[in-house]
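This report refers to the structure that appears directly beneath it.
The values are calculated or read from the model by the stated rules, or taken from the named source; none is laboratory data. The shown structure was predicted, so the numbers you read here are calculated from the model rather than taken from an experiment. The protein model used for the area step is the full one, side chains on, heavy atoms only, and it has no ligands, DNA or RNA in it. Shrake-Rupley method; radii C 1.70, N 1.55, O 1.52, S 1.80 Å.
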Amino acid sequence: REQAASAAIQIGQFIGQIENQIRWLSRLPAELSTNEDDRLNAIRLLRLSPAIAEITELDAQGREQVRVSRRVADRVGSNVDQSSFAAFRGANESRAYYGPVYFFGDTEPFMTIAVRGAGSTPNVVVAEVNLRFIWDLVAGIRVGNTGKAYVVDRMGVLIAHPDLWPALQRTDLSGHADVRAALDGVGPPSGGLVKGDLSGQRVLSTYATVPSLGWLVFVELPLSEAYAPIY
């Protein structure tokens, strides 16, 4: 339980730090800066935060003013209308928008985060965030000698696992009883849960929630190791 909670806290802190950095950009007064100023500030933020792969600044009507990216060519003053996009609508409806996890080039996990600025005509800053950090974090969690940790998103889809293949396959675990219960807000049993893992091995399992995202961090230990002291 401690390892699951610790991983959930670290993931929450990682996403929270990214959000704060984007929020700093959104709070810069739009009326006092040109598109070129915005582009330079976005470049500065990309240098400070390796996890951010792309930043787009939209005006209050949802028109793109600046896009700075590690993946495609930068764009300034395009005025492309993105007012119907989920990120723009989500940022205007709540404090921050967290998009679903998607894979860029079928190998890299990403998530869209968007925040709204301040003032009477607030802009919206949209960032594409590389989640490799979360993969590295999960791969580094040591649960006993043979246990493991993995993460599912708020839809029950596997997004991080020590074995990359199940994550790249976007394995849907929402049909598993424990994942379904966790997504419905049911807390884990105090003594853990005995179940079969993805390979069919019997394991002792528990989980913790990443509050801001609704993601779940599961930690599993094979019964043969978990019960060894009893045996």
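Here are some notes:
- Of the residues Ser49, Ser6, the one with the largest accessible area comes first in the ranking Ser6, Ser49, computed with a 1.4 Å probe on protein heavy atoms.
- Rounded to 10°, Cα long-axis angle of helix 2-26 versus longest principal axis of the chain: 0
- 5 Å binning of all Cα-Cα separations within the stretch 53-140, expressed as whole percents from 0 upward: 3, 14, 22, 23, 18, 11, 5, 3, 1, 0
- Angle of helix 35-48 to the longest C-alpha principal axis of the chain, folded into 0 to 90 degrees and rounded to 10: 30°.
- Considering the stretch 86-215, its Cα convex hull presents a mean projected area of 9.3 nm².
- Surface listing: Tyr102, Tyr231 arranged by accessible area from highest to lowest gives Tyr231, Tyr102, probe 1.4 Å.
- Tail fraction, Cα-Cα pairs, the chain, threshold 22 Å, whole percent: 55
- From its DSSP helices (H runs of at least four residues, each -39,500 (n - 2.57)), the chain gives a residue-normalised ellipticity at 222 nm of -9000 deg cm²/dmol.
- On the chain, 53 percent of the accessible area sits on carbon and sulfur atoms, based on a 1.4 Å probe.
- Take the Cα radius of gyration of the stretch 140-231 and divide it by 2.2 N^0.38 Å, N being the number of residues; the result is 1.05.
- Long-range HN-HN contacts of Val210 with modeled amide H, under 5 Å: Trp215, Leu216, Val217
- Between the stretch 197-228 and the stretch 1-61, the Cα center-to-center distance that results, in Å: 31
- Largest accessible area first, the residues Met111, Met155 order themselves as Met155, Met111 under a 1.4 Å probe with ligands, DNA and RNA left out.
- Per residue, the convex hull spanned by the Cα atoms of the stretch 81-121 amounts to 83 cubic angstrom.
- Legend: translational diffusion of the stretch 170-223 by Stokes-Einstein, Rh = Kirkwood radius over C-alpha pairs, 25 °C, 0.890 mPa s; D = 211 µm²/s.
- For the chain, built as a Gaussian network whose Cα springs stay under 10 Å, the top-fluctuating residue of Ala73, Ala51, Ala118: Ala73
- With all protein chains kept in place, the per residue accessible area of the stretch 44-201 amounts to 49 square angstrom at a probe of 1.4 angstrom.
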